[in-house]
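What follows is calculated from the coordinates using simple rules that are stated; it is not laboratory data. Computed from a prediction, not measured in an experiment: that's the story for all the values here. For neighbour counting, all protein chains shown are included, and Cβ atoms are generated from backbone atoms with ideal geometry for every residue, glycine included.
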Amino acid sequence: MPAPTMATPSLVVTLQNKATILRIESVRATTEAGSGHPSSCCSAADIVAVLFFAVMRYDPKNPKNPNNDRFILSKGHAAPLLYAAWAEAGLFDKQDLLKLRTLESDLEGHPTPRLSFVDVATGSLGQGLAAGVGMALNAQRSSYRTYVLLGDGESVEGSNWESVELARHYGLDNLCAIVDINRLGQSDPTMLQHDMEGYRARWAGFGWHAIVVDGHDTTALLAAFDEAARTKGRPTVLLARTLKGKGISFIEDRPDWHGRALKKGEESQKALDELTRQLKPGTSEPDIPRPEPAVNGARPAKPMAPPAYKPTDSVATREAFGTALVALGDANPLVVGLDADVKNSTFTDKFGKQFPHRFFEHFIAEQTMVGAAVGLAACGKIPFAATFACFLTRAYDFIRMAAISHANIKLMGSHVGVSIGEDGPSQMGLEDLAMMAAQPGMVVLYPSDAVCTHRLVEAAAAHRGPVYIRTGRPKSPILYGNEEKFPIGGCKVLRQSPSDQLTIVAAGVTVFEALKAHDQLKAAGIPVRVLDLYSIAPIDRPTLLLCANATKSRILTVEDHYAHGGLGDAVLSAVGSEGIRVHKMAIREIPHSGKPDELVNRFGISARAIVETVKRIL
């Protein structure tokens, strides 16, 4: 536990001056930019000054020190305040603040990890606390603490309350949230405004240690952060009553100043003059508490055990994922697992039983599961987070922000397509390829058998950046030998001949339908090529073009996914500019409950439908 901070008169004045300086720099930066949120910066300036110059233990010259206390600005629109704090701590020149929101600067309108001192991208409200949960979970065997600064407006987001529940469940006493309760949202006052007891009752009701504090009282803030550090067995929240625009009389607590920069000239100068008069003489630089020395005691990774399937096996790719994750966990101590109360269906329970201290159950809270994975990844872990593919749609904004962070997370969506059978359309992931492939830098993988799944889990862990693995519910035969390799960006040509008239491109369960169709067409004297496109993004364009050019510029795609944004559109995007004709077979209506084989046939992606379509095309 860190030593308590003594609130001496000298320190208090110093921190008050630091808060004023942060306000001044926030106003200067946003005025120069002509946009931004200076009033939101001003309300939280005292909180940030106390954290950065008295409470948090960190190396101001090395933001990536693994033992630094973590700070997440969940209210990302107050980015100028964060930038001003790091400049005041000496990381970079204050003049750089005047490049705020310009193309040549990484001091963007909202924080991103392009900056060395930003762990996760924020700005889509309601996400910072989930990342903080991940960081705090990672630190259960480390010394650092995690601080998350939220706005009162964003506390309405349901994702926050998922995170509040999870933090309480895991007893994360190394996590401290601070809510900047400045009463004013963007277009209206917040629901509770300054009802501090209402806020306290809500957080306390969720099992947090809730401290109501004047967010502009430096002495009270120091005492509250000290109390938070001494609280054991549960997380703490500081509910800080503040005024939006604090320190600038003509915007303070005014409802029409959100997201509005002060104008250059008389208006901004009036604010700066007023703030400058608040600076007090005779203070010295505070000693920023330093973190404990970093100790590298982690076991190095070793090669992952290869798959060991027999040609006669029949294994669902979701189950093969669970088996591969255990092998990966044994090989690499940085691998951690997360699930959302479906671990006995995603088979991550195998990993949880083998590595209980590296597995985090997130119950039915997919948003926090993805956000926590981002936080864990920011701390150097390799998180694999799994749930049904359809439920990842709930967390799509978290996935979008993870892509902006280029977070090293690995997502697995199981139970995809109509082939899951009787559970019906609410459980069928039929849009997941579209939503994942839409994110720049996201690798999208779709294995067809257990061997391919095993190798793609291995490849996902080795890849730096976000990866999505799509797995199915039904058991499938073994297609490949255990020695087969599956590089990201590749594909496999399964059937071919010099006289092929068309290329069938499939993935997952439709690979087996395509192979059956191939045999039936071959018996009818119609030779076709079959390709397993296990990597949707990046896609193997050269092989697709080679196959298309060898088969009269004709491709037929078959997928257990809706028609828009899936495998077919990926192939069309890759080869359409070369004059290749791409015909798409996909799910084109909302499906129904039924037996898997019945549904594959009913919705037009079976071997029979493929044969009929090939004959029609030819």
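Across 10 Å bins from 0, what is the distribution of all Cα-Cα pair distances for the stretch 314-477, in whole percents?
Reading the bins upward from 0: 12, 46, 37, 5, 0.
Among DSSP bridges having both ends in the stretch 492-617, what percentage is antiparallel? Round to the nearest 5. Before the final figure, lay out each step's value.
Details: 3 of 17 bridges.
Restricted to the stretch 492-617, the bridges split so that about 20 percent are antiparallel.
Kirkwood-based Rg over Rh for the stretch 160-284 (C-alpha set), two decimals?
Numbers: Rg = 17.5 Å, Rh = 16.5 Å.
Reported Rg/Rh (Cα atoms, Kirkwood Rh): 1.06.
If the cut-off is 16 Å between C-alpha atoms, which lysines fall inside it for LYS246, apart from same-chain ones fewer than 8 positions away?
LYS18, LYS270
Taking one equal scatterer on every alpha-carbon of the chain, how large is log10 of I(q)/I(0) by Debye at q = 0.06, 0.07, 0.13 1/Å?
Calculated log10 I(q)/I(0) at the listed q: -0.38, -0.50, -1.22.
From Cα pairs below 8 angstrom and at least 6 apart in sequence, can you work out the relative contact order of the chain, rounded to a whole percent? Please list the in-between numbers first.
On the way: 1411 pairs, mean separation 74.5, N = 618.
Relative CO of the chain lands at 12 percent.
Taking amide hydrogens as modeled 1.01 Å from N in the peptide plane, which residues meet the under 5 Å criterion relative to PHE360, leaving out close sequence neighbours?
So PHE360 has HN proximity to GLY337, LEU338, ASP339.
Roughly what angle does helix 396-405 make with the longest principal axis of the chain, taking Cα atoms, 0 to 90 degrees, to the nearest 10?
70 degrees
Among the listed pairs LYS492/LYS595; LYS94/LYS264; LYS353/LYS595; LYS99/LYS264, which are separated by more than 21 Å between their Cα atoms? Don't jump to the answer; show the numbers that get you there.
On the way: LYS492/LYS595 29 Å; LYS94/LYS264 19 Å; LYS353/LYS595 32 Å; LYS99/LYS264 15 Å.
With Cα atoms farther than 21 Å apart: LYS492/LYS595; LYS353/LYS595.
Helix 218-230 against the longest principal axis of the chain: what's the angle in degrees, Cα atoms only, rounded to the nearest 10?
The two axes meet at around 50 degrees.
Quick check: the angle from helix 366-378's long axis to the longest principal axis of the chain, C-alpha only, nearest 10 degrees?
70 degrees
At 222 nm, what value in deg cm²/dmol follows for the chain if DSSP H runs of at least 4 each add -39500 (n - 2.57) and the sum is divided by all its residues, to the nearest 500? Walk me through the numbers on the way to the answer.
On the way: 20 runs with 224 residues, N = 618.
So the calculated ellipticity at 222 nm is -11000 deg cm²/dmol.
Among the listed pairs LYS302/LYS410; LYS61/LYS244; LYS232/LYS381; LYS343/LYS475, give every one whose C-alpha distance is greater than 29 Å. Let's see the in-between values first.
On the way: LYS302/LYS410 19 Å; LYS61/LYS244 31 Å; LYS232/LYS381 25 Å; LYS343/LYS475 17 Å.
Check vs 29 Å cut-off fails for LYS61/LYS244.
Quick one, can you get me the convex hull of the C-alpha atoms of the stretch 1-55 expressed as volume per residue in Å³?
On the way: hull volume 4.0 nm³, N = 55.
Normalising the Cα hull of the stretch 1-55 by residue number yields 72 Å³.
Sorted by mean Cβ packing within 10 Å, highest first, what order do the peptides 516-528, 383-395, 224-236, 111-123 take?
Going from most to least packed, we get 383-395, 111-123, 224-236, 516-528.
For the chain, what proportion of DSSP beta bridges, expressed in % and rounded to the nearest 5, is antiparallel?
Details: 9 of 66 bridges.
Among the beta bridges of the chain, antiparallel pairing accounts for roughly 15 percent.
With both bridge residues required to lie in the stretch 9-276, what share of the DSSP beta bridges run antiparallel, to the nearest 5%? Mind dumping the intermediate values first?
Numbers: 1 of 23 bridges.
About 5 percent, rounded to the nearest 5.
May I ask you to sort LYS584, LYS264, LYS270 by Cβ crowding, counting other Cβ atoms within 10 Å and putting the fewest first? Kindly include the intermediate steps, with their values, before the conclusion.
On the way: LYS584 20, LYS264 11, LYS270 14.
Result, fewest neighbours first: LYS264, LYS270, LYS584.
Please work out the Cα center distance from the stretch 456-504 to the stretch 13-64, rounded to the nearest Å.
That distance is 50 Å.
Distance between the C-alpha centers of the stretch 337-407 and the stretch 433-447? Whole Å please.
16 Å
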